[in-house]
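Shown next, in structure tokens, is the structure this report addresses.
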Amino acid sequence: MPGGQRPHGHHPALHNQGTFRLARISPDHRTLRNTIRRQRRSLSAGQAAACAGLLAEQARHHPLLHNRQHIAAYIANDGEIDPHPLMQLLWSQGKTIYLPVLMPFVHNKLWFARYHPGDALIANRFGIPEPQQLHLVAPRDLDLVLTPLVAFDDAGHRIGMGGGYYDRSFAFLRSRRHWRKPVLLGLAYELQHQRSIAVGIHDVPLDGIITEQACYRPAR
């Protein structure tokens, strides 16, 4: 089915939330960002946990996860969908997981630190936990990046939190047409799905998106 595989009927985790209709228009990024951040923060802990589990099941047999060993994830913040159930699945498959870190010697770009279950974390300047022990790899050395986002559309365009860290860190992918490494796989609630998002010249598109309801593979 175009734009992703969509389930039928009501979704038990977010029943009566009224947020699954695609936006009729694409408002400016600031308004859209504020609206969706408010919507996802309004989910109860039970709803959020249920969606995170369903997303992990959607991802279990996703083709973009096949034959990927070095995978970046993130610690959920500001109501982002929690990748931890998916991380647990990946650990059980022997995958190596990394978390983004802000490096003082690399201006406004991310590096990635290896992360094992139970490793100590320390808050960065934005209050987001990062691994305390840094065994770093560069963005180019990853196979796949589980990417947080605020909004996405069927073409793989993404709105983030506004800092531009992921777009700057993976800017080298914009010049690649045939061999994209790492693969960027966005994780989101279905309520974050938009019909169309205005594209900036520095935006790096996603190769796929997984929600608790569907998997999306933009045409390239």
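Only residues that are small (Gly, Ala, Ser) and either modelled with pLDDT of 90 or more or not in a loop (DSSP other than H, G, I, E, B) (or both): list them for the stretch 164-181, please. So that I can check it myself, show each step before the final result.
Taking the stretch 164-181 as the starting set, the residues that turn out to be small (Gly, Ala, Ser) are 164, 169, 171, 175.
If the condition is that a residue be small (Gly, Ala, Ser) and either modelled with pLDDT of 90 or more or not in a loop (DSSP other than H, G, I, E, B) (or both), then Ser169, Ala171, Ser175 are the ones that fit.
So in the stretch 47-96, with the set limited to residues that are among the acidic types (Asp, Glu) and closer than 18 Å to Thr147 by Cβ, which one is surrounded by the most Cβ atoms within 10 Å (Cβ to Cβ)? Can you show your working first?
Within the stretch 47-96, the first condition is being among the acidic types (Asp, Glu), and the residues that meet it are 57, 78, 80, 82.
Restricting the remaining residues to those that are closer than 18 Å to Thr147 by Cβ gives 78, 80, 82.
On the way: Asp78: 13, Glu80: 22, Asp82: 20.
Filtering the stretch 47-96 for residues that are among the acidic types (Asp, Glu) and closer than 18 Å to Thr147 by Cβ, the one surrounded by the most Cβ atoms within 10 Å (Cβ to Cβ) comes out as Glu80.
Counting just the residues of the stretch 11-21 that are of a type outside the set (Gly, Ala, Ser) and under 14 Å from Leu191 (Cβ atoms), which one comes out modelled with the highest pLDDT?
If we filter the stretch 11-21 for residues that are of a type outside the set (Gly, Ala, Ser), which is where we start, we get 11-12, 14-17, 19-21.
Of the ones still in play, those that are also under 14 Å from Leu191 (Cβ atoms) are 11, 14-17, 19-21.
Working: His11: 47, Leu14: 50, His15: 42, Asn16: 40, Gln17: 42, Thr19: 42, Phe20: 43, Arg21: 44.
So, considering only residues that are of a type outside the set (Gly, Ala, Ser) and under 14 Å from Leu191 (Cβ atoms), the one modelled with the highest pLDDT is Leu14.
Any chance the stretch 116-136 includes a residue that's touching a Ser or Thr at 6+ places or on another chain (Cβ under 8 Å) and surrounded by 18 or more Cβ atoms within 10 Å (Cβ to Cβ)? Full working, then the answer.
Narrowing the stretch 116-136 to residues touching a Ser or Thr at 6+ places or on another chain (Cβ under 8 Å): none.
The answer is no, given that none of the residues of the stretch 116-136 is touching a Ser or Thr at 6+ places or on another chain (Cβ under 8 Å) and surrounded by 18 or more Cβ atoms within 10 Å (Cβ to Cβ).
Do you know which residues across the stretch 37-96 are in contact with a Gly (Cβ under 7 Å, 6 or more places away or on another chain) and of a type in the set (D, E, K, R)?
Arg37, Arg40, Arg41
Using beta carbons and a limit of 7 Å, which pairs, at least six apart or on different chains, have the first residue in the stretch 191-211 and in contact (Cβ under 8 Å) with a residue 60 or more places away in the chain and the second one of a type in the set (Val, Ile, Thr) and assigned to a strand (DSSP E or B)?
Within 7 Å, the pairs are Ile197/Ile159; Asp207/Val183.
Just to check your reading of the model, which residue among Asp167, Asp154 is touching a residue at least 24 places away in the same chain (Cβ under 8 Å), farther than 26 Å from Ser42 by Cα, touching a strand residue (DSSP E or B) at 6+ places or on another chain (Cβ under 9 Å) and surrounded by 15 or more Cβ atoms within 10 Å (Cβ to Cβ)? Give the steps one after another, and end with the answer.
Working: Asp154 fails: farther than 26 Å from Ser42 by Cα.
Matching residue, one of Asp167, Asp154: Asp167.
Filter the stretch 31-72 for residues that are basic (Lys, Arg) and in contact (Cβ under 8 Å) with a residue 40 or more places away in the chain and give the result.
Kept after step one, since they are basic (Lys, Arg), are these residues of the stretch 31-72: 33, 37-38, 40-41, 60, 68.
Selection gives Arg33, Arg37, Arg40, Arg68.
Being under 23 Å from Gly118 (Cα atoms) and modelled with pLDDT under 95 is the filter here, so list the residues in the stretch 61-77 that pass it. Steps first, answer last, please.
If we filter the stretch 61-77 for residues that are under 23 Å from Gly118 (Cα atoms), which is where we start, we get 68-77.
Residue satisfying the conditions is Asn77 alone.
If Leu184 satisfies every condition in (1) outside any loop (DSSP other than H, G, I, E, B); (2) of a type outside the set (Lys, Arg); (3) modelled with pLDDT of 95 or more; (4) touching a Lys or Arg at 6+ places or on another chain (Cβ under 8 Å) but one, which is the exception?
(4)
Restricting the search to the stretch 22-44, which residues are closer than 12 Å to Ile197 by Cβ, exposed (fewer than 12 other Cβ atoms within 10 Å of the Cβ) and at pLDDT below 80? So that I can check it myself, show each step before the final result.
As a first pass, look at the stretch 22-44 and keep what is closer than 12 Å to Ile197 by Cβ: 22-23, 25-29, 32-33, 36.
Okay, now just the ones that are also exposed (fewer than 12 other Cβ atoms within 10 Å of the Cβ), so 25, 28.
Once the filter is applied, which keeps residues that are closer than 12 Å to Ile197 by Cβ, exposed (fewer than 12 other Cβ atoms within 10 Å of the Cβ) and at pLDDT below 80, the stretch 22-44 yields only Ile25.
Okay, residues lined up against (1) farther than 26 Å from Val199 by Cα; (2) modelled with pLDDT under 95; (3) of a type in the set (D, E, K, R); (4) crowded, with 21+ Cβ neighbours inside 10 Å:
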residue: Tyr98; (1), (2), (3), (4): yes, no, no, yes
residue: Met103; (1), (2), (3), (4): yes, yes, no, no
residue: Asn108; (1), (2), (3), (4): no, yes, no, no
residue: Pro148; (1), (2), (3), (4): no, no, no, yes
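The values are calculated or read from the model by the stated rules, or taken from the named source; none is laboratory data. Being a predicted model, the structure only gives us computed values, none of them experimental. So basically every Cβ, Gly included, is an ideal-geometry build from the backbone, and we count neighbours across all protein chains shown.
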